[in-house]
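Step one of this worksheet: look at the structure below.
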Amino acid sequence: MIDLSILIINWNTRDRVVQCLQSLRDTADRIVQGPWDGPGLTFGSYRAEVIVVDNASTDNSAAVVQQRFAWAQLIENELNAGFAPANNRAFQRSTGRYVLLLNSDTIVHVKAIEALVDFMDGHPRCGAGGAQLLNADSSLQPSCHPMLTPWREFWRLTFLDRIWRRATYDMGKWNAASPRQVETIKGACLIVRRDALGSSESLLDERYFMYTEEVDLCYRLTQAGWKLYWIPLAKATHLGEASSRQTYNAMYVQLYRSKVQFYRKFGGEPRARLFKRLVMIGYLPRFAVARIVSFIRPAFAARTDTVNRLLSELPKM
């Protein structure tokens, strides 16, 4: 029986996905490659299958994965279908009791996989859980946050969250040895109970090309009565947005396009319009300051261009 299906999506992050897969191999107890039970890894008493979806990479990623990690199942897409469709394709092939969304730019720590499955097995009302994410320098990386609302977004954009936290958690003050119930979990290392998804053949909503998919998933799970937890005994280093850095401006705008989609889906057009108005109000002062500073410090010009593109496209979203 497969306990865990680990889904990894790759798009031109060859070195990172190799590092990610190697970390799984290094922390596993055994490689399973027998023809009778399929390829995979074991972590303690848990059996895991690993499914890598390559989204039409041009950096030879797929060939390297196939050559070096024969225990991982490889799905090659002819086009970059986006994060959600790629995960859904892997999900449809998967058979595990739990599904782990694992970014290609993560490095799994020793015993992390066991800690995630142990917790899920011990908490039957937990629909999803997230690992403790660390930066490359081992400092704590925010890995969960309160559920998105238009006003929380405005609170964050206007820096009021630095005075009174409403849009983020003060995770630095949390006990790193104690699990904590949360509202939303970052998708870099997110374990989901298959039974919590009911009879759905899809894990993520494919209307999101990139970003906010995990927020949508967390919202659906909590609406169905499931609990979400931060599981700090499971640790993973998250190097951060390796794919999206390749097209930063487009992806920054895509982030807000996805947020608008989320509010439109769960609140209709009035909520989407409210969100866009609040973002516009929050960003206009930033744009003005960045534009002035860019005349003195040319390095700010790129930031000004990014914000300008967002403000231009926001009304059409």
Checklist entry - What pairs come up if the first residue lies in the stretch 267-288 and is on the phi < 0 side of the Ramachandran plot, the second is assigned to a helix (DSSP H, G or I) and of a type in the set (V, I, T), and their beta carbons are under 7 Å apart, counting only those six or more places apart or on different chains? => result A272/V260; F275/V260; K276/V260; Y283/V307; R286/V307; F287/T304; F287/V307
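Take the stretch 221-239 and flag every residue that is outside any strand (DSSP E or B) and either among the charged types (D, E, K, R) or under 26 Å from G198 (Cα atoms) (or both).
To start, the set of residues in the stretch 221-239 that are outside any strand (DSSP E or B) comprises 221-226, 239.
Within the stretch 221-239, L221, T222, Q223, A224, G225, W226 meet the criteria.
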Item to check | Selection count, the stretch 57-92, where residues are in a helix (DSSP H, G or I), within 20 Å of the chain's Cα centre (by Cα) and touching a residue at least 40 places away in the same chain (Cβ under 8 Å) | outcome: 9
Checklist outcome for this item: Taking the stretch 168-213 and the residues there that are more than 20 Å from the chain's Cα centre (by Cα) and over 28 Å from T95 (Cβ atoms), the one that is surrounded by the most Cβ atoms within 10 Å (Cβ to Cβ) would be W174
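Report the residue count in the stretch 157-170 for those that are touching a residue at least 24 places away in the same chain (Cβ under 8 Å) and over 12 Å from I281 (Cβ atoms). Steps first, please.
Going through the stretch 157-170, the residues touching a residue at least 24 places away in the same chain (Cβ under 8 Å) turn out to be 157-158, 168-169.
Right, trim to over 12 Å from I281 (Cβ atoms) and you get 168-169.
Residues that pass the stated criteria total 2.
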Next on the checklist: So the check is Cβ under 6 Å with 6+ separation or different chains; which pairs have a first residue in the stretch 129-144 that's under 13 Å from V182 (Cα atoms) and a second one that's of a type in the set (K, R) and open to solvent by 20 Å² or more (accessible area, probe 1.4 Å)?
Outcome noted: Q132/K235; S143/K186
Checklist outcome for this item: Among (1) modelled with pLDDT of 95 or more; (2) open to solvent by 50 Å² or more (accessible area, probe 1.4 Å), V289 falls short only on (1)
Checklist outcome for this item: Reported set for the stretch 1-52 where residues are among the polar types (S, T, N, Q), touching a helix residue (DSSP H, G or I) at 6+ places or on another chain (Cβ under 8 Å) and within 22 Å of F119 (Cβ to Cβ) is S5, T27
Next on the checklist: Suppose we filter A86, A90, A81, A70 for residues that are of a type in the set (G, A, S), open to solvent by 30 Å² or more (accessible area, probe 1.4 Å) and under 19 Å from L204 (Cα atoms); which single one remains?
Outcome noted: A81
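Of everything in the stretch 1-56, what is assigned to a loop (DSSP other than H, G, I, E, B) and small (G, A, S)? Give them in sequence order. Walk me through how you get there before you give the answer.
Quick first cut of the stretch 1-56, residues assigned to a loop (DSSP other than H, G, I, E, B) only: 1-3, 11-13, 28-29, 33-39, 44-45, 56.
Within the stretch 1-56, A28, G34, G38, G44, S45, A56 meet the criteria.
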Checklist entry - Scanning for something open to solvent by 20 Å² or more (accessible area, probe 1.4 Å) and either over 24 Å from M210 (Cβ atoms) or in a helix (DSSP H, G or I) (or both), does the stretch 126-136 turn up at least one residue? => result no
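The values are calculated or read from the model by the stated rules, or taken from the named source; none is laboratory data. Keep in mind the model is a prediction, meaning the values are calculated, not measured. So basically every Cβ, Gly included, is an ideal-geometry build from the backbone, and we count neighbours across all protein chains shown. Ligands, DNA and RNA are stripped out before the accessible areas are found, and what is left, the full protein with its side chains, is counted by its heavy atoms. Shrake-Rupley method; radii C 1.70, N 1.55, O 1.52, S 1.80 Å.
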